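For reference, the structure discussed in these notes is given below.
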Amino acid sequence: MRRAGELFVMLALGLAAAGCGSSGPTAAGTPTAAAPATAATTTAAGSDTGGCPLSAEDLSAATGMTFELATTEPDRALETLETVKALVCVFTAADEPQAGGDRLGLRADTVTGADAEAVTAEFERSCTSNGGTLNDVTADDDAQTCTSRGSTIEGNIDSGDRTVNVYFVNADDATAAALTPNFDKVLDAVD
């Protein structure tokens, strides 16, 4: 569902991945250029959230898997909107190896200020232009999810001057299907 370029972004953020040919959760989506590698701040599981909009503990509780905060990178240019800077947080789960041995990842991109609206619009455009369906999350009027190929593993929470894109990366089809029923819980865990 997410672009192949995001696998490379995760690698640039310091994740070790064995299957560099993976193209994202379910191999759907439009490839984008990978951003150059930049310095990242690594935060160990159980420590400060690094300003991330959710904790590894809450993410683990929502999914039933064991996640850790692998990296945070403030002020990162987004691959889909290069002029927009975000706080990027990448969580990984070692207990669910995916195709090629890649770790399952969840990326949360937080954008505040004037660019928040553009990020939400890009989320909506990307979802529909890649054959997905936008869904409103009934428990949270500000949240939307994108369902593609029968799975829902990406969403956006927009509160006007702040938007948070949350999406799983490297999920194979079986994992994406298993995560779908709990994805609203993942969005609920976002502060």
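Considering only strands (runs of 3 or more DSSP E) fully contained in region 86-191, which possess at least 2 residues that are buried (at least 17 other Cβ atoms within 10 Å of the Cβ)? Steps first, please.
On the way: elements: 104-112, 133-136, 143-148, 151-158, 162-169.
Strands (runs of 3 or more DSSP E) meeting the threshold: 104-112, 143-148, 151-158, 162-169.
If we keep just the residues of region 50-85 that are part of a loop (DSSP other than H, G, I, E, B) and of a type in the set (S, T, N, Q), which is least open to solvent (accessible area, probe 1.4 Å)?
SER55
The values are calculated or read from the model by the stated rules, or taken from the named source; none is laboratory data. What you see is a predicted model, and the numbers here were worked out from it, not measured in a lab. Cβ: placed from backbone, ideal geometry, glycine included. Neighbour counts: every protein chain shown. Note: areas computed on protein heavy atoms with side chains; ligands, DNA, RNA excluded. Shrake-Rupley method; radii C 1.70, N 1.55, O 1.52, S 1.80 Å.
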